[in-house]
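A.B. asks: Once you've had a glance at the structure underneath, I'll fire off some questions.
The values are calculated or read from the model by the stated rules, or taken from the named source; none is laboratory data. Treat the numbers as computed from the prediction; the structure is a model and nothing was measured. We place every Cβ from the backbone using ideal geometry, glycine too, and count neighbours over all the protein chains shown. In case anyone asks, the SASA skips ligands and DNA or RNA and just uses the protein heavy atoms, side chains included. Shrake-Rupley method; radii C 1.70, N 1.55, O 1.52, S 1.80 Å.
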Amino acid sequence: MSLTEVFHGRRTSRTPELLVPAVLGGLILLYFALPFVAFLSRTGTANVVAGLSTPESQTAIRNSLLTAPISTAISTVLGVPLAYILARRSFPGKRLVEAVVILPLIVPPVVGGAMIITAVGRFTPIGAAATAAGIPLTDSLVGVILAQTFVAAPFVIITARAGFGAVDERLEQASRSLGYGPLSTFWNVSLPLARGAILAGVILTFARAIGEFGATMMVAYNPRTMPTRIWVDFITGGIDAIVPLALALLGITLAVLAAVQRFGRVPTVIER
Amino acid sequence: MRLELDSLTHRYGNEPAVDDVSFGLESGELVALLGPSGCGKTTLVQAIAGHIHPTAGRVLLRGADVTDVPAESRQVSVVFQQSTLFPHMTVSENVAYGLAARDTGSERRDEVVSEYLELVDLRDQRGAYPSELSGGQRRRVELARALAPQPDLLVLDEPLSALDRTLREQLRDEIARIQRETGVTTLFVTHDQEEAMTLADRLVVMNDGTVSGIGEPRTLYESPPTPFIASFLGRSNTFSATVIDQQPLTIAVGETEITLNGSQKDVSTGSTVTCHVRPRDISFRDSANDGANLSLAAEITRVVDIGTHYDVTVRIDTGDELVVECAGNPPAVGESLSLALSERQMTVFGPG
């Protein structure tokens with residue numbers, strides 16, 4: 001038998017090449033969808049509107065809608081420049097910086113919360129000074145923001161870094177040679193070209209921040225945000241009690257995702 | 001002098017990239033910086049444009065030391081091998097980009113953009129995005145963008161290497177035309193010697209981080225100052241010989257003694273020299289080429305028909321193999337013949 005015949009013989013008996021990955025991927029998708037569907041199927045038994053109109057729920061929603069955007073903004077404003085430096089420069093200690101960036105991701109949130117308390121709690125020098133100045137850093141909305149930022153900021157840093165990394169450095173060099181300094185080059189070239197990745201990071205950070213529970217519970221159990229309220233409702237009323245707030249939380253996150261994708265959409269060519 | 005490099009040296013960590021490079025460009029000149037890949041050309045471009053700070057040495061523009069001046073204040077435009085058009089801007093926004101930085105008023109800016117798009121023959125593509133253009137069009141927009149702010153120096157870093165052959169030749173001619181029309185001082189960086197020789201007023205040939213020779217293309221080609229240039233510019237044959245006498249210089253190539261009346265070389269008797277001769281300057285001896293004053297015995301080892309001519313490989317009695325370009329009727333393999341070459345077309349390099 002000639003080599004060509006062997007080749008053709010193999011080809012006819014070949015199974016679809018993506019069968020195995022499709023089966024494995026299907027299993028995990030099924031596992032994602034199952035709890036989701038099961039949970040949503042209980043919405044009929046609970047009165048969502050009534051659940052959301054209690055004063056406790058209203059306060060929690062207001063607190064979350066106030067803190068999560070601020071945490072996201074802080075993470076973005078401080079994180080994107082850091083992401084740019086990490087994408088563009090190598091320097092002594094870069095590994096250490098990178099490790100610090102992912103630290104909040106690998107530390108369990110509840111432990112992260114405990115760490116925040118040891119750093120800025122009421123009886124630490126920083127916390128005491130802040131409390132004296134009238135801005136308590138724990139059990140306050142500021143505390144919520146601290147906890148959310150700690151846990152959520154790495155997402156925007158990591159995605160923005162990948163986005164800047166995908167921008168050819170020579171585009172920046174071309175901009176410099178055409179008469180623009182480093183800052184205006186960043187603003188005119190690097191930022192718009194990395195925009196898609198940065199927006200993806202902003203969405204992830206916002207979703208993480210508004211859903212943050214572990215660290216928030218440690219740093220600021222009061223005032224209640226939606227996740228901490230959900231926990232309290234669950235303790236007292238079980239699954240059905242948390243359905244309204246859980247749905248609202250999901251709804252807000254999806255709305256933000258849709259809005260950012262719609263209004264922040266990168267015009268045409270960049271996603272070549 | 002428009003651009004001057006003064007003993008420029010750059011190392012990446014401990015890795016030397018360029019070592020003690022000095023050369024200059026006169027105003028309005030088109031100079032090709034030619035060398036094989038990895039010889040340090042791109043490092044020089046980066047140093048000239050201001051994207052790296054050289055380890056040692058100086059860069060001077062119009063006589064002023066700009067070594068510490070950032071890229072944005074140098075008035076040096078660069079076109080890279082890969083497109084650096086801003087994908088989120090239209091063609092005219094790209095061309096206007098450098099003008100806006102130099103505070104050109106918006107009305108004047110429009111005029112200049114039109115002028116330069118006209119120059120590169122792309123007036124109808126103003127509103128297009130770079131992704132909608134062909135490879136050749138993108139190159140031309142980049143040229144327009146680089147030229148619009150009227151830079152002191154235009155650096156083209158392998159601008160044609162990513163294009164296919166036909167387009168490359170077409171754009172090469174266009175670059176020559178644009179350079180003539182604008183008179184912009186241009187440094188054309190390439191590894192392609194044909195490109196360099198066609199375009200440039202002068203060549204700077206680099207090898208392994210150092211300058212191997214500077215001069216007009218024809219001069220460098222016909223009397224190469226170094227063995228590297230002899231072998232890098234055009235096709236070349238090398239064979240070794242031993243110096244057996246001075247005044248006149250006499251060398252032994254295997255059994256054959258050759259007397260070189262015109263060559264003044266500072267080589268001592270007994271040392272080994274390297275001789276370079278181009279394939280097209282060797283022929284097979286017959287009555288017609290008595291003008292060629294040197295003869296070497298050779299045996300034909302291989303004949304390749306490459307269409308326009310035959311490449312005939314011969315072995316001379318030193319064991320060196322030479323290629324002879326032969327227009328028609330090639331000799332047969334195994335035949336013993338006498339090669340005819342003239343002293344004028346042979347270059348002798350001393351040891352080291």
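A.B. asks: What is the average number of partner chain Cβ atoms found within 10 Å of a Cβ in A:166-176? Let's see the in-between values first.
C.D. replies: Numbers: counts 0, 1, 5, 2, 8, 7, 3, 9, 16, 7, 10.
Taking all residues of A:166-176 together, the mean is 6.
A.B. asks: Per 20 Å bin from zero, what fraction in whole % of the C-alpha pairs of chain B is there, up to the bin with the longest pair?
C.D. replies: The calculated distribution, bin by bin, is 26, 45, 25, 4.
A.B. asks: Per-residue ellipticity at 222 nm for chain A, helices alone: DSSP H runs ≥ 4 residues times -39500 (n - 2.57), over residue total, nearest 500 deg cm²/dmol? Please list the in-between numbers first.
C.D. replies: Values: 14 runs with 201 residues, N = 272.
Result for chain A: -24000 deg cm²/dmol, rounded to the nearest 500.
A.B. asks: Can you give me the distance in nm between label points at residue B:173 and residue B:238, each placed 7 Å from the Cα along the Cα-to-Cβ direction?
C.D. replies: 3.7 nm
A.B. asks: Check residue B:52: other-chain or 5+ apart residues with amide H under 5 Å from its amide H, H built from backbone geometry?
C.D. replies: B:47
A.B. asks: A follow-up question, please. Can you give the angle from 0 to 90° between the axis of helix B:165-182 and the longest principal axis of chain B, with both taken from C-alpha atoms, to the nearest 10?
C.D. replies: Between the helix axis and the principal axis of chain B, the angle is about 60 degrees.
A.B. asks: Determine ³J(HN,Hα), in whole Hz, for all residues of region A:141-150 in sequence, where each value follows from phi through the Karplus function 6.51 cos²θ - 1.76 cosθ + 1.60 and θ = phi - 60°; x replaces Gly and Pro.
C.D. replies: These are the phi-based 3J(HN,Hα) values: 4, 4, x, 4, 5, 4, 5, 4, 4, 4 Hz.
A.B. asks: Counting alpha carbon pairs within less than 8 Å and at least 6 residues apart, what relative contact order, in whole percent, applies to chain B? The partial results should precede the final answer.
C.D. replies: Details: 728 pairs, mean separation 54.1, N = 352.
Relative contact order comes out at 15 percent.
A.B. asks: Hey, another quick one. Taking 0.36 nm per intervening residue step and subtracting the Cα-Cα distance, what contour gain separates residue A:106 from residue A:52 on full extension? Don't jump to the answer; show the numbers that get you there.
C.D. replies: On the way: separation 54, 0.36 × 54 = 19.44 nm, distance 3.37 nm.
The span from residue A:106 to residue A:52 would gain 16.1 nm if fully extended.
A.B. asks: Measuring from centroid to centroid over Cα atoms, what is the spacing of region B:21-97 and region B:310-352 in Å?
C.D. replies: With region B:21-97 and region B:310-352 each reduced to a Cα centre, they are spaced 43 Å.
A.B. asks: I would also like to ask the following. Compute the distance in nm between two label points, each set 7 Å from the Cα along the Cα-to-Cβ direction, one at residue A:22 and one at residue A:41.
C.D. replies: In this crude label model, residue A:22 to residue A:41 measures out at 2.7 nm.
A.B. asks: Run the Debye formula on the Cα coordinates of chain A, all scatterers equal and no solvent, and tell me log10 I(q)/I(0) at q = 0.07, 0.10, 0.12, 0.13 1/Å.
C.D. replies: Relative scattering, expressed as log10 I(q)/I(0), comes to -0.38, -0.69, -0.91, -1.01.
A.B. asks: Mind giving me the FRET efficiency for residue A:239 and residue A:141? R0 is 30 Å, r the Cβ-Cβ distance, nearest 0.05 is fine.
C.D. replies: After rounding to 0.05, the efficiency reads 0.60.
A.B. asks: Quick one: which of B:308-319, A:192-203 comes out on top by average Cβ neighbours within 10 Å, and what's the full order, highest first?
C.D. replies: A:192-203, B:308-319
A.B. asks: Now for a different question. Could you order the peptides A:47-58, A:142-153, A:171-182 from most to least packed, using the average number of other C-beta atoms within 10 Å per residue?
C.D. replies: Numbers: A:47-58: 13.2, A:142-153: 26.3, A:171-182: 22.7.
Going by the mean number of other Cβ atoms within 10 Å, highest first, we get A:142-153, A:171-182, A:47-58.
A.B. asks: Extent of region B:235-343 along each principal axis, from alpha carbon coordinates, in Å, largest to smallest?
C.D. replies: 43, 26, 23
A.B. asks: Looking at chain B as a GNM with Cα springs under 10 Å, which of B:157, B:286, B:201 has the largest mean-square fluctuation?
C.D. replies: So, out of B:157, B:286, B:201, the one fluctuating most is B:286.
A.B. asks: Using just the helices of chain B, give the 222 nm mean residue ellipticity in deg cm²/dmol: DSSP H runs with n ≥ 4 each add -39,500 (n - 2.57), and the total is spread over all residues, rounded to 500.
C.D. replies: On the way: 8 runs with 84 residues, N = 352.
Using -39500 (n - 2.57) per qualifying helix, the result is -7000 deg cm²/dmol.
A.B. asks: Each label point is 7 Å from the Cα along the Cα-to-Cβ direction; what then is the distance between the points at residue B:64 and residue B:256, in nm?
C.D. replies: In this crude label model, residue B:64 to residue B:256 measures out at 6.0 nm.
A.B. asks: Quick check on region B:10-124: what does the Kirkwood estimate of hydrodynamic radius come out to from the alpha carbon pairs, in Å? Write down the numbers at each step before the final one.
C.D. replies: Working: mean 1/r = 0.0599 Å⁻¹.
By the Kirkwood definition, the hydrodynamic radius is 16.7 Å.
A.B. asks: Per residue of B:78-86, what is the mean number of Cβ atoms on other protein chains within 10 angstrom of that residue's Cβ?
C.D. replies: Numbers: counts 6, 2, 6, 1, 3, 4, 11, 2, 9.
If you average over the peptide's residues, the count of other-chain Cβ atoms is 5.
A.B. asks: What does the average come to when, for each residue of peptide A:177-190, you count the partner chain Cβ atoms lying within 10 Å of its Cβ? Before the final figure, lay out the partial values.
C.D. replies: Working: counts 18, 19, 15, 6, 5, 3, 0, 3, 3, 0, 0, 6, 6, 0.
Partner-chain Cβ atoms within 10 Å, mean over residues of A:177-190: 6.
A.B. asks: Consider a paramagnetic label point 7 Å from the Cα of residue B:55 along Cα→Cβ; state which residues of region B:1-17 have an amide N under 15 Å from it.
C.D. replies: B:7-17
A.B. asks: Keeping all protein chains in the complex and leaving out DNA, RNA and ligands, what accessible area do you get for residue B:12 with a 1.4 Å probe, in Å² to the nearest 10?
C.D. replies: We get 110 Å² for residue B:12.
A.B. asks: Please report the orientation-averaged projected area of the protein assembly as shown, defined via the convex hull of its C-alpha atoms, in nm². Present the calculation step by step, with values, prior to reporting the outcome.
C.D. replies: Details: hull surface 181.2 nm².
Its Cα hull, projected and averaged over all orientations, spans 45.3 nm².
A.B. asks: At R0 = 30 Å, how high is the FRET efficiency between residue B:271 and residue B:335 if r is their beta carbon distance? Nearest 0.05 is fine. Present the calculation step by step, with values, prior to reporting the outcome.
C.D. replies: Numbers: r = 34 Å, r/R0 = 1.12.
Given R0 = 30 Å and the Cβ-Cβ separation, E is 0.35.
A.B. asks: I've got another one for you. Determine, for each peptide in B:65-71, A:87-93, the mean count of other beta carbons within 10 angstrom over its residues, then list the peptides with the highest first.
C.D. replies: Working: B:65-71: 15.9, A:87-93: 10.1.
Most protected by this proxy first, the peptides run B:65-71, A:87-93.
A.B. asks: For the pair residue B:315 and residue B:12, what calculated FRET efficiency results from E = 1/(1 + (r/R0)^6), where r is the Cβ-Cβ distance and R0 = 56 Å, to the nearest 0.05?
C.D. replies: Working: r = 43 Å, r/R0 = 0.77.
Calculated value: 0.80.
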